[in-house]
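Each value in this text was obtained by applying a stated rule to the coordinates, not by laboratory testing. Here the structure is a predicted model, which is why all the values come from computation and not from measurement. Note that we place each Cβ from the backbone using ideal geometry, even for glycine, and neighbour counts take in every protein chain shown.
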Ligand code: HEM
Ligand code: FES
């Protein structure tokens, strides 16, 4: 039945080459943990992506209850955590995933570093990887403010002081991030917008570039 | 016709006109740039509005009668009018106000210059401001003695008909 549906569509749109090109590739022996167990280090990139997908999905669901407003943000997080079924789980996925994604990205970077995979012709992918790293840091920084509790507020306060310490442009960067001269209502809406729209958009574009380059250049050879 | 004339006529004409293709690509490029700017400029101006908006100048707040301030720092509370986007509120502020030997009043901010905890006066009975978080110490003038990298901030202060008024926070002027 399913096969017939697939064939019916494939006859009209010729979709087989599309997914073949994306998915139908042999894994070289030196990156396959079934051959050499130590090759599990090659999984860290994929695990980073897996957790990124969890972040995006759990984040999308959190926005069903979350309100980016200084009077209601904390209450809405408290409500979704304690009153909504599986709230603790969904928020927990997002909360712990935010740290785990950075850990995985760090391990992936170590693998790339110690296998020398950043060398020619893959320099550009190292640069894109670094951009992904900064976008992730940005997501962590902006997301951390959203629950609007004391920890969130003061962590952001410290972050703003760090931004302010940059010579010459620091004070402007801080004010632009804050959306005013205090951390308040306009900071929360700004951080929310950056957290759920701007940075995820940038992240997806960069991940696309990352993966296209991997496909073009293949995985780097054995040591 | 002489040879000379002929040479003159055959000299290739250098035309400074734009080719049709060039004209069209400039026009297309210009129109594209115009449309792109028309789309993005409003959004950029929208996003940077907070740094371009005129700051509401802060006003003086009446805090305490002159007579109540002593040579020993005391904590006074007052409310400032705060406009945060669409939220208008009157949050409470704290100042440590002291009269120095010359009879001048000064008001210090209670925010520790290390990482922003709230300092207290004489909590260790040594006539210093002390921060409970990581042990910063300050003199009565707010001079940083340990841990904190800078002296305590100061409030602008004025005295008018027996009352002390406080203004915006500024860097310490006493040390
Ligand atoms: C790799 C991507 C992401 C990272 C690293 C990240 C990180 C974070 C962090 C650290 C928090 C604070 C969580 C807490 O205090 O428990 C947070 C909260 C939040 N995030 Fe994300 N986030 C990501 C993607 C997204 C996306 C794509 C969305 C929505 C489309 C989203 C929506 C939210 C919402 C609504 C909150 C507030 C609710 C809460 O605090 O539990 N996030 N995020
Ligand atoms: S915040 Fe006051 S000593 Fe660290």
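For residue A:44, are the conditions met, namely being over 12 Å from the mean Cα position of the chain (by Cα), surrounded by 16 or more Cβ atoms within 10 Å (Cβ to Cβ) and more than 22 Å from residue A:149 (Cβ to Cβ)?
Details: over 12 Å from the mean Cα position of the chain (by Cα): yes; surrounded by 16 or more Cβ atoms within 10 Å (Cβ to Cβ): yes; more than 22 Å from residue A:149 (Cβ to Cβ): yes.
Answer is yes for this residue.
Each row is one residue, and each column tells you yes or no for (1) within 14 Å of chain B (Cβ to nearest Cβ); (2) loosely packed, with under 12 Cβ neighbours inside 10 Å; (3) part of a helix (DSSP H, G or I); (4) within 16 Å of ligand 2 (Cβ to nearest atom).
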residue	(1), (2), (3), (4)
A:8	no, yes, yes, no
A:50	no, no, yes, no
A:59	no, no, yes, no
A:65	no, no, no, no
A:70	yes, no, no, no
A:97	no, no, yes, no
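With the checklist (1) away from every other protein chain (no Cβ under 13 Å); (2) over 30 Å from residue B:98 (Cα atoms); (3) under 21 Å from the mean Cα position of the chain (by Cα) in hand, flag the one item residue B:84 doesn't pass.
Here residue B:84 meets the rest and fails (1).
Out of the stretch B:46-79, which residues are surrounded by 11 or more Cβ atoms within 10 Å (Cβ to Cβ), in contact with a strand residue (DSSP E or B) (Cβ under 9 Å, 6 or more places away or on another chain) and either part of a helix (DSSP H, G or I) or within 11 Å of chain A (Cβ to nearest Cβ) (or both)?
Once the filter is applied, which keeps residues that are surrounded by 11 or more Cβ atoms within 10 Å (Cβ to Cβ), in contact with a strand residue (DSSP E or B) (Cβ under 9 Å, 6 or more places away or on another chain) and either part of a helix (DSSP H, G or I) or within 11 Å of chain A (Cβ to nearest Cβ) (or both), the stretch B:46-79 yields B:58, B:66, B:68.
Tell me, which residue of the stretch B:90-119 that is away from ligand 2 (no atom under 16 Å from the Cβ) and exposed (fewer than 15 other Cβ atoms within 10 Å of the Cβ) is nearest to the other protein chains (Cβ to nearest Cβ)?
Across the stretch B:90-119, the extreme among qualifying residues is B:91.
Condition first: exposed (fewer than 10 other Cβ atoms within 10 Å of the Cβ) and in a helix (DSSP H, G or I). Now tell me which residues in the stretch B:9-43 satisfy that.
B:9, B:10, B:20, B:21, B:38, B:39, B:43, listed by residue number.
Please determine, by comparing only the residues of the stretch B:133-144 that are more than 26 Å from the chain's Cα centre (by Cα) and either within 16 Å of ligand 1 (Cβ to nearest atom) or closer than 16 Å to residue B:96 by Cβ (or both), which one is surrounded by the most Cβ atoms within 10 Å (Cβ to Cβ).
B:140
Being on the phi > 0 side of the Ramachandran plot and more than 10 Å from every other protein chain (Cβ to nearest Cβ) is the filter here, so list the residues in the stretch A:166-202 that pass it.
Passing the criteria: only A:168.
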